[in-house]
Each structure stands twice: as structure tokens, then as C-alpha cells.
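**Q** Structure provided below as C-alpha cells; questions to follow.
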Protein chains: 2
Amino acid sequence: MRRKKGTLLPLETSILQCGIDLAVRGAPFFHGFMIAKEIRDREDAKLLTAHGTLYKALDRLQTSGLLESDWEDPLVAAQEGRPRRRFYHVTAAGEAALVRSLDAVPAQASQRQIPGMAAL
Amino acid sequence: MRRKKGTLLPLETSILQCGIDLAVRGAPFFHGFMIAKEIRDREDAKLLTAHGTLYKALDRLQTSGLLESDWEDPLVAAQEGRPRRRFYHVTAAGEAALVRSLDAVPAQASQRQIPGMAAL
DNA sequence: TGACAAAGGGCAGATATCTTCCTATTCTTT
DNA sequence: AAAGAATAGGAAGATATCTGCCCTTTGTCA
């Protein structure tokens, strides 16, 4: 949907957030499938229906330098009897972009908060 | 469906037949996906709807010694950017079993041959 | 403000193998 | 012949990534 340059889409924000959360919890890398589960388990569930959507978002983030990736050693994947994974990590630019994006939309955050309060 | 010992199911016959045909045509190995296409392109199309069915049949044939398999080098698969394959080949026992099975149901064979001739 | 173009989202499917669960069929035994 | 056991088949989904097509939405420019 053609965004303003330097802006993040909700799905992209979620990916970066998840990536940083996982890093904090001691997992320095994540792969697409892992993120897909993570996002589906969170409240962001509606952001992700098809897998193609996620992998496309990962590609975009990598192209714009907010993520970097390395392929898993194929021997390890083979030993564990599954397709090999692609490991991503959030770059410094990615962290910065996330902070910027969270700062930039305080209006949306408070708009969501009001109905939330009312529900209590 | 519980078969008489030493009997082959139609799908199993097709697999062995395909394997031997491919070997004659210069492809000494085949993998599940390849056979799936081969079978779907042939008149045996109705023998194979779900992939699980095929992989189970391959397992049975291997367990009974009619097929043998080796895993593809994971590095090759990785380089070509796809999941690794499992390469099967028909054993001598497999060829023998196929011949036996084709002999055992000559009625079906001739029934198929007559329409084939008529088509010419 | 209206129109166009660019980009994102969903659906579908390719690639490859395997597992689990349930149903249907057939074989064998009594 | 009927009952029970064993097994095959189908559907679905797990595992993991990626591509192409089409539709929709939105940003930007005139």
C-alpha cells in the first residue's frame, strides 16, 4: 500500500519487536516460521494469515537494512530431518527504525487504549 | 487393506514400473515427488491423490526390500535452494516382484491391451 | 480534489518429506 | 457365514521457504 518513506507497516513493526524480544530472552536469531508462530500467539494474530505475506515482509526489511540473515548449516537441518532455516537478526538500523516508528504513532496507541479502558 | 502376502497393490506396481522405466531411460534414481508427477501424468492418475499415500507406499516397498534409498547430499539441495530429496532405486527383488505381480494378473493386462490396440 | 501508479496483502501453488488420525476394506479365523 | 484384526487410503497438517498473480489501498502529483 505505498507507504511514506521511512515508515513501518504494522506487520513489519511486529517482526522487529518480536526479533528484539527474542534477542532479549536469549535467542539472538529467529527464522520465519518461528516469527509466524510468535506473531500468531500474540494479539497481532490478524496481521498474518498467509505465509507469503511474512516472507515478503522479511525480504523488504532485509533489503532496507533493518534485518540481516544467514542460512542455517544445511548439514544441521539434514540431521534434524527438516528443511533448512534462514536465521534473521535485527540490525542497529532496525532497532532505530522500530523506536522511531513507535514514537511516530502515539495517536494510534492512545486511540486503542480508550476502547480498551471502556471494556474494563 | 490387508493383502495376500507377496502381492503388490496397484500403486506399488506403478511405482516399481515407473522406477524401472526411468532406469531404462537413463535415470538410475528417482524421488517421491518425481514419481508423483510421473504417476499423475500416466493413466494411473487416480491411484494417487494425497502425497502421504505415496510416501507410505515407498516406505512399505523399502521395508520389504523392493526399494532402497539414499538421501541426497544436503549441500547439493541447499545450493539448488530446495528441500533435499530421497533417492530410491528398484532392487533385484523389486524387479522380480513386479514381474511376478504382472504375471499373476494377466487378465487385467490383456484387458488393458485390447483398448490400447483399438486406439491405434 | 481527482486520477494514476506503486506497493502491500491474500490466495494459491511449487518444492520435498513425513506423521497422525480416522475411515473403509479385506483377510483370516472360528 | 459372521466377527475380529490388520492394513491401506484419504484428509489434514507440520516443517520451511519462496514465487506469481491479482486485487486493493494509499501516496503523490498534477
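The values are calculated or read from the model by the stated rules, or taken from the named source; none is laboratory data. All of these numbers come straight from a predicted model, not from anything done at the bench. Note: ideal-geometry Cβ built from the backbone for every residue, glycine included; neighbour counts use all protein chains shown.
**Q** May I ask you to list the residues in segment B:50-94 that are in a loop (DSSP other than H, G, I, E, B) and either in contact with a Gly (Cβ under 9 Å, 6 or more places away or on another chain) or away from DNA strand C (no atom under 12 Å from the Cβ) (or both)?
**A** Hits for segment B:50-94 are B:64, B:65, B:66, B:73, B:85, B:91.
Residue-by-condition table, conditions (1) of a type in the set (Val, Ile, Thr); (2) surrounded by fewer than 17 Cβ atoms within 10 Å (Cβ to Cβ); (3) at pLDDT below 95; (4) under 12 Å from the mean Cα position of the chain (by Cα):
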site	(1), (2), (3), (4)
B:24	yes, yes, yes, no
B:33	no, yes, yes, yes
B:52	no, yes, yes, no
B:65	no, yes, yes, no
B:85	no, no, no, no
B:100	no, yes, yes, no
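**Q** Here's another thing I want to ask about it. Taking the conditions exactly as written (within 14 Å of DNA strand C (Cβ to nearest atom), in contact with a Leu (Cβ under 8 Å, 6 or more places away or on another chain) and at pLDDT below 90), does residue A:15 satisfy them or not?
**A** When the stated conditions are applied, residue A:15 does not pass them.
**Q** Tell me which residues, restricted to segment A:1-60, are under 18 Å from residue A:96 (Cβ atoms) and among the hydroxyl-bearing types (Ser, Thr, Tyr).
**A** A:7, A:13, A:14
**Q** Can I ask one more? As an exercise: evaluate residue A:75 against (1) within 14 Å of chain B (Cβ to nearest Cβ); (2) within 12 Å of DNA strand D (Cβ to nearest atom) and give the number of the one condition it does not meet.
**A** Here residue A:75 clears every test but (2).
**Q** Step by step: first the residues of segment B:1-12, then only those that are hydrophobic (A, V, I, L, M, F, W, C) and either under 25 Å from residue B:83 (Cα atoms) or near DNA strand C (Cβ under 8 Å from one of its atoms) (or both), then the one that is surrounded by the fewest Cβ atoms within 10 Å (Cβ to Cβ). Which residue is that?
**A** Residue satisfying both the conditions and the ranking: B:1.
**Q** Further, regarding this structure: One residue is enough: does segment A:40-49 have a residue meeting the conditions at pLDDT 95 or above, away from chain B (no Cβ under 14 Å) and more than 8 Å from DNA strand D (Cβ to nearest atom)?
**A** Looking through segment A:40-49, none of the residues is at pLDDT 95 or above, away from chain B (no Cβ under 14 Å) and more than 8 Å from DNA strand D (Cβ to nearest atom).
**Q** For segment B:1-37, what are the residues that are in a helix (DSSP H, G or I) and among the aliphatic types (A, V, I, L, M)?
**A** Across segment B:1-37, the qualifying residues are B:11, B:15, B:16, B:20, B:22, B:23, B:24, B:34, B:35, B:36.
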